[in-house]
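For reference, the structure is listed below as structure tokens.
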Amino acid sequence: MPAPLALVTGGHKRIGAAIAAALAAKGYAVAIHGSRDADPSPELLAAFEASSADWRGFTADFTDPAAAAALMAEASAHFGRPPELLVNNASTFGADRFDDVTHVDLMTHYAVNCAAPVLLSQAFAASGSQDDNWSGRSIVNILDQRIAHPHGDQFAYTLSKIALEGATRAMARVLAPGIRVNAVAPGLTLATEDYSDAQTARLGERMPLGSLSTAQQIADAVLYLAGAEGTTGQTVYVDGGAHMIAFDRDFMHMDR
């Protein structure tokens, strides 16, 4: 039997790469996606080599309405079978606020962060047939802990992630019993150059668990949901408990 196949959007770097590496270590063949290139990070390439994983990179610009279905078709054709697991991780992240967000901001974020995952899920569902063993097919959407207590920063991004959370629950009902649909909502995980080490440490201390989430913890949650045969329509927060606190601003603006 061939290895189960996972398609991870945005899977070539950062959190997506951690998810792809964890799946490869569990015996999955992995299709990774990037918007402009799909070259795996050095750490991910090393993980693929260590696990002898069958993998391939694909590019798709999700601002193009046709890109999602084309990506699913291309990945399925290359591996000779449709994926058993779809991880909708790719997203775009802008700095707009309510008082300056534009129509372009709103539509771009919705296209990449919600419409593309829904269209990929549609293509994922259509790629199987009634003759397939559907019991193990699963979709995991990557959200954000801020959906529990939205604030005014990154307004278009936040709205698009709230929409994807709703889509997770709606698709779980539509696609049952054949395909399970769940989500993981991370907190601040891989801090960018916008954060100092001291700021990151202080933010970790604010969390109920006293630390920020890690990429490996997020990958572990994806692995759990991929195999959780009794679970659908659920969002698992992997954020050190951040979703229990109503922060006034994005973490970038705190404890500087």
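Structure summary
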quantity	calculated
Qualifying residue in segment 95-102 (condition: among the basic types (Lys, Arg), within 16 Å of residue 249 (Cβ to Cβ) and either open to solvent by 40 Å² or more (accessible area, probe 1.4 Å) or under 17 Å from the mean Cα position of the chain (by Cα) (or both))	yes
Test: residue in segment 11-33 that is in a loop (DSSP other than H, G, I, E, B), more than 21 Å from residue 227 (Cα to Cα), within 18 Å of the chain's Cα centre (by Cα) and at pLDDT 95 or above	yes
Candidate set: segment 197-227, residues that are under 23 Å from residue 43 (Cβ atoms) and part of a loop (DSSP other than H, G, I, E, B); chosen: the one least open to solvent (accessible area, probe 1.4 Å)	213
Test result for residue 173, surrounded by fewer than 16 Cβ atoms within 10 Å (Cβ to Cβ), modelled with pLDDT of 95 or more and in a helix (DSSP H, G or I)	yes
Residue match in segment 236-245 (condition: without any contact (Cβ under 8 Å) to a residue 12 or more places away in the chain, open to solvent by 40 Å² or more (accessible area, probe 1.4 Å) and not basic (Lys, Arg))	no
So residue 164, is it of a type outside the set (Phe, Trp, Tyr), part of a helix (DSSP H, G or I) and open to solvent by less than 10 Å² (accessible area, probe 1.4 Å)	yes
Top-ranked residue in segment 67-88 [being out of contact with any Lys or Arg (no Cβ under 9 Å at 6 or more places or on another chain) and within 15 Å of residue 54 (Cα to Cα); ranked as least open to solvent (accessible area, probe 1.4 Å)]	76
Matching residues in segment 35-65 - criterion: being open to solvent by less than 60 Å² (accessible area, probe 1.4 Å) and either within 20 Å of the chain's Cα centre (by Cα) or without any contact (Cβ under 8 Å) to a residue 12 or more places away in the chain (or both)	38, 40, 41, 44, 46, 47, 48, 57, 58, 60, 62
Residue check for residue 2: in contact (Cβ under 8 Å) with a residue 24 or more places away in the chain, farther than 16 Å from residue 225 by Cα and surrounded by fewer than 16 Cβ atoms within 10 Å (Cβ to Cβ)	yes
Per-region count, segment 1-47, residues among the acidic types (Asp, Glu) and closer than 20 Å to residue 77 by Cα	2
Residue 251, sole failed condition from (1) open to solvent by 40 Å² or more (accessible area, probe 1.4 Å); (2) touching a residue at least 60 places away in the same chain (Cβ under 8 Å); (3) of a type outside the set (Val, Ile, Thr)	(1)
Residue match in segment 179-189 (condition: at negative phi, in contact (Cβ under 8 Å) with a residue 24 or more places away in the chain and open to solvent by 60 Å² or more (accessible area, probe 1.4 Å))	no
Cβ-Cβ under 8 Å pairs, at least 6 apart or on other chains, segment 71-85 side in a helix (DSSP H, G or I), far side open to solvent by 40 Å² or more (accessible area, probe 1.4 Å) and of a type in the set (Lys, Arg)	75/56; 78/56; 79/56
Options 121, 138, 91, 127: the member that is open to solvent by 20 Å² or more (accessible area, probe 1.4 Å) and under 30 Å from residue 1 (Cβ atoms)	127
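The values are calculated or read from the model by the stated rules, or taken from the named source; none is laboratory data. As the structure is a computational prediction, the values presented were derived from the model and not from experiment. Cβ coordinates were reconstructed from backbone atoms using ideal geometry, including for glycine residues, and neighbour counts include every protein chain displayed. Heavy atoms of the whole protein, side chains included, go into the accessibility calculation; ligands, DNA and RNA do not. Shrake-Rupley method; radii C 1.70, N 1.55, O 1.52, S 1.80 Å.
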